[in-house]
């Protein structure tokens, strides 16, 4: 990142994925399709993409993804965004930061700093 230029493209792409999950779910619900769409953040996982600098193993990052993929039929968690800190409760990304979001960010930072 160049000095003074935050990675807006990255942030924008994440917001777009979250919005897309919500929009797709609404469209599927209108058509009475029994399909669930959610967006999941696995956290900062050590991968080749980040030169293994992530603080989480691939197994740890896969946990919320698998949890969401195995939701029971007729789940109420639909068209939402969840992360590794609590795959049961969606993040309300539409309304900006809250103490709860800040606490989740602190937990993610702590998870990312753990020794692998």
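The values are calculated or read from the model by the stated rules, or taken from the named source; none is laboratory data. Everything numeric here is computed off the predicted structure, so don't read it as measured data. Cβ coordinates were reconstructed from backbone atoms using ideal geometry, including for glycine residues, and neighbour counts include every protein chain displayed.
Tell me which residues, restricted to segment 68-92, are closer than 23 Å to residue 32 by Cβ, touching a strand residue (DSSP E or B) at 6+ places or on another chain (Cβ under 9 Å) and either in a strand (DSSP E or B) or at pLDDT below 85 (or both).
The answer is 90, and nothing else.
Test residue 10 against the stated conditions and say whether it is surrounded by fewer than 18 Cβ atoms within 10 Å (Cβ to Cβ) and either under 23 Å from residue 86 (Cα atoms) or modelled with pLDDT of 90 or more (or both).
yes
Kindly list the number of the only condition in (1) part of a loop (DSSP other than H, G, I, E, B); (2) in contact with a strand residue (DSSP E or B) (Cβ under 6 Å, 6 or more places away or on another chain); (3) over 17 Å from residue 106 (Cβ atoms) that fails for residue 65.
Failed condition: (1).
Report the residue count in segment 19-56 for those that are touching a strand residue (DSSP E or B) at 6+ places or on another chain (Cβ under 7 Å) and either in a helix (DSSP H, G or I) or at pLDDT 90 or above (or both).
Of the residues in that region, 7 qualify.
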